[in-house]
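Please read the structure below before turning to the comments.
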Amino acid sequence: MNLANKITVFRVFLVPVFMLVLYSNIPYSTYIAAFVFIFASLTDTLDGYIARSRNMITTFGKFVDPLADKILVSAALISLLELGKIPGWSVVIIIAREFTISGFRILAASEGITIAASSLGKIKTVTQLVAIILLLLNNFPFNHIDFPIDLIIYYISVFFTVISGFDYIFKNISTLKTGIK
C-alpha cells in the first residue's frame, strides 16, 4: 500500500475518533471534533496531491478515497442531525445524492468509463465542508453577532448537492443508457 492510500485509510480511521470526541463529555468537545474533521478533510487534499505528483494513483485509491470522504461527511451530517442542528430532510437529500452518484460511477466504471468531478460537485463539497465546520463550531465567530452563516452555507450546500447531482446525471446520461442495455 502506497503513502497516498495509507493517508486515505487513515482518514477512515479518523471517523470514529471524530465521533468519540463529538459525543464525549470533555470540555469543548464540538470544537475538538471540528478540528479532527478539518484535519481529516485536509488529508483528502494531501492524499490526492501525493497520488498525482508521485504517480501513485491506484484502483484501490480510486475506490477508497471517495468512499472515505462520503463516510466522513455522512458521519458528520448524521451527528449534526442527532444534535438538532440540521433537519433530517436535508441529510436524506445529501446522502441520497451521494448514493446515486456513487452508483452511477460504479456503472460507468463497469463500462470502462471514468467520470471526473465537475466544478459544481467541487462547489458542493467545499460548501458542505465549510458548513459542517461552522455547525460544529456553533457558528463561531458569527454567533457573536447572531448571524446564522452556518445554516446559510449549509442550505447553499444542499442547493449545490441537488444541482450538481442533476448536472452529473444529465451530462452522463449516455452511460446510464449504455449500462441498462
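Derivation of every value follows stated rules applied to the coordinates shown; laboratory data play no part. Everything quoted here is computed from the prediction, not taken from an experiment.
Please give the direction-averaged projected area of the C-alpha convex hull for segment 1-84, in square nanometres with one decimal. Show your work: numbers first, answer last.
Working: hull surface 21.0 nm².
Averaged projected area of segment 1-84's Cα convex hull equals 5.3 nm².
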- prompt: Going by alpha carbons, how many degrees (0 to 90, nearest 10) lie between the helix axis of 3-22 and the longest principal axis of the chain?
  reply: 30 degrees
task: Return one number: the angle in degrees, 0 to 90 and rounded to the nearest 10, between the long axis of the Cα atoms of helix 59-82 and the longest principal axis of the Cα atoms of the chain.
output: 30 degrees
query: Hey, in the GNM for the chain with a 10 angstrom Cα cutoff, which one of GLY61, GLY112, GLY121 fluctuates hardest?
result: GLY112
statement: Using the Cα gyration tensor of the chain, the equivalent ellipsoid's semi-axes, largest first and to the nearest Å, work out to 29, 21, 13
